[in-house]
1. Can you name every residue in segment B:106-120 that is within 12 Å of chain A (Cβ to nearest Cβ) and open to solvent by 60 Å² or more (accessible area, probe 1.4 Å)?
2. What residue, of A:S409, A:S389, A:S351, A:S382, is at pLDDT 90 or above and loosely packed, with under 14 Cβ neighbours inside 10 Å?
3. Please indicate, with yes or no, whether at least one residue in segment A:163-183 is of a type in the set (D, E, K, R), in contact (Cβ under 8 Å) with a residue 40 or more places away in the chain and in a helix (DSSP H, G or I).
4. I'd like the residue in segment A:319-348 that is surrounded by fewer than 16 Cβ atoms within 10 Å (Cβ to Cβ) and in contact (Cβ under 8 Å) with a residue 60 or more places away in the chain and, out of all such residues, is farthest from A:K396 (Cα to Cα).
5. Any chance you could count how many residues in segment A:195-205 are at pLDDT below 85 and more than 7 Å from chain B (Cβ to nearest Cβ)?
6. Considering only residues of segment B:20-49 that are within 14 Å of chain A (Cβ to nearest Cβ) and in contact with a strand residue (DSSP E or B) (Cβ under 6 Å, 6 or more places away or on another chain), which is nearest to B:R67 (Cα to Cα)?
7. Given (1) more than 15 Å from B:D61 (Cβ to Cβ); (2) open to solvent by 40 Å² or more (accessible area, probe 1.4 Å); (3) assigned to a loop (DSSP other than H, G, I, E, B), identify the lone condition not met by B:K42.
8. Within segment B:57-68, can one find any residue that is over 23 Å from A:M198 (Cα atoms) and either in contact with a Lys or Arg (Cβ under 8 Å, 6 or more places away or on another chain) or among the acidic types (D, E) (or both)?
Amino acid sequence: MREDIRLCPFIGGVKKDHLDARRRKMTNLFIFGAGQDTVHLIEALSGSDKLTIAGVIDTDSEAPGIRSAKCLGIPTSAHAKDLLDKAAPGDTMCLVGNRAIYEALSKEIPGNMRVMDAPAFGILLKLAEECDKTKLALKEANDELKIQAWGLNKTNEAIKLLYNELADKNRRLQELDRLKSDFLSVVSHELRTPLTIMKEFTFIILDEIPGKLTADQKGYIEIIANNIDRLSRLISDLLDISKMEAKKEKLNKTFVNIINLAETVILGMKTQADKKNIELKTEFRVPALDVYVDQDKITQVFTNLIGNAVKFTPENGVITLAIADKDKEVECRLSDTGIGIAAEDLSKVFSKFQQFNRTEGPGPKGTGLGLAISKQLVELHSGKIWVDSEPGKGTKFTFILPKQLPEPSAEKGPNDK
Amino acid sequence: MAKKKILIVDDEAEIVKAVQIRLEHEGYEVLVAADGQEGLAKAKTESPDLVVLDVMLPKLDGFEVCRFLKFDEKYKKIPIIMLTARAQKIDEDTSKQVGADAYIAKPFDRGAVIAKIKELLGE
């Protein structure tokens, strides 16, 4: 195909605007066509000085006013070839005529000359126009983007400033936090020192190092020793609570078999329970139940709940611990046959220092903080704890803990839930 | 057989007294010092068989006293037990770093301290 010649089809009617657009692109026009359309085209083109119409193939119409026009008769492919040969680079060749001629001719056209029909050409023109419009739109969009980029830059700088401020504030907070933790350790030390001294001397006397004691003296000093221990436990519990409230308590989670954990605590309580002839029953439907929890903390919860049950259940009572697998959670229920809790006291059960008028059995006196701490420990594990009780009908404490085990699918890890 | 000498360095006089009563009852001779400087001086001049050293001391802290003794050819053989009420991991790590032979947190179990002393004295 001769790429140096522009093709320009006109099929069917010649529209003026088509003509105007194309006229600009035409040089040294060769018109290959037949019939009235060719005449019309020539007439339409004749007003232009810039166009040289160099070849025309037509039948029997006249073609007035055309310079250098030559009418040759019914166009054939030989004529097309002839025109092609005569065409110089940059020339435009027009195909004009009705569809039938066009189709007939397009079969005849020699070589690889490409023919496009008018609609297609029209579309091409439109595309070209659209292309120009798109170019313009792109430029405008680009300018718009430049403005936005500038805006974003400013925002970026503002963010950097805020970030620095935030980093500063963060440093100050960390310092305050450190001071607070120092406060807790200082308090811990200051409170424990006099207790240690008291304890040491109490035991020096009890061990009869400075001299023998009478039975009364020994008894009274033992009371002192027990209360020193009680004070020690109270301080530990208070520190536990303030650490948890200051959100300083970090959980040290590992995979634990909660059944094992519970059994260990129960075993430890046996001596106390036996003293009151209390039966410690367990209802574990499975031998093992794994959870991802802080072992020490959950042991503390069991110890507290079971210890309370033993303390507040009268002789010959029964305490039952049931642990059940509830799919994503584990449910632990501790019931006793104790004296129960009055309805108006139920809401206060987990408050600090609430000890209702229940007669306590032997053993060290409680601090009043055990249940408050247990509640906080359970909630730190995202669990829940509650109590059901009726006076005379015993008490039941229930707590659930999310297992927090990894899902069976490979994507999730142990901390995902 | 001469009594074994134990040096206690702690600024809490009453705690020191309690420990002293116990140790003398067990048959040891007890020396005391109330601050780090005095403790270091007595350790060098009195040749104790064992030193019980508190961490929080005025003038020179317990870790420094331990370090001075343990990094000195003449005194490094003396067993040192460090005592502290802070009970933080960092104290345990530091006492290992300065060469202490044992680390006991306050409030200490008197049985544990005496057992440790006997152990370190090879009894």
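The values are calculated or read from the model by the stated rules, or taken from the named source; none is laboratory data. Just so it is clear, the model here is predicted, and its values are computed rather than measured. Quick reminder, even Gly has a Cβ in these numbers, built from the backbone with ideal geometry, and neighbours come from all protein chains shown. For accessibility, only protein heavy atoms count, side chains too; no ligands or nucleic acids. Shrake-Rupley method; radii C 1.70, N 1.55, O 1.52, S 1.80 Å.
1. Passing the criteria: B:P107, B:D109.
2. Result: A:S382 is the single residue among A:S409, A:S389, A:S351, A:S382 that is at pLDDT 90 or above and loosely packed, with under 14 Cβ neighbours inside 10 Å.
3. Scanning segment A:163-183 turns up at least one residue that is of a type in the set (D, E, K, R), in contact (Cβ under 8 Å) with a residue 40 or more places away in the chain and in a helix (DSSP H, G or I).
4. So, considering only residues that are surrounded by fewer than 16 Cβ atoms within 10 Å (Cβ to Cβ) and in contact (Cβ under 8 Å) with a residue 60 or more places away in the chain, the one farthest from A:K396 (Cα to Cα) is A:K328.
5. Result for segment A:195-205: 0.
6. B:V30
7. Of (1) more than 15 Å from B:D61 (Cβ to Cβ); (2) open to solvent by 40 Å² or more (accessible area, probe 1.4 Å); (3) assigned to a loop (DSSP other than H, G, I, E, B), only one is false for B:K42: (3).
8. Yes: segment B:57-68 contains one or more residues that are over 23 Å from A:M198 (Cα atoms) and either in contact with a Lys or Arg (Cβ under 8 Å, 6 or more places away or on another chain) or among the acidic types (D, E) (or both).
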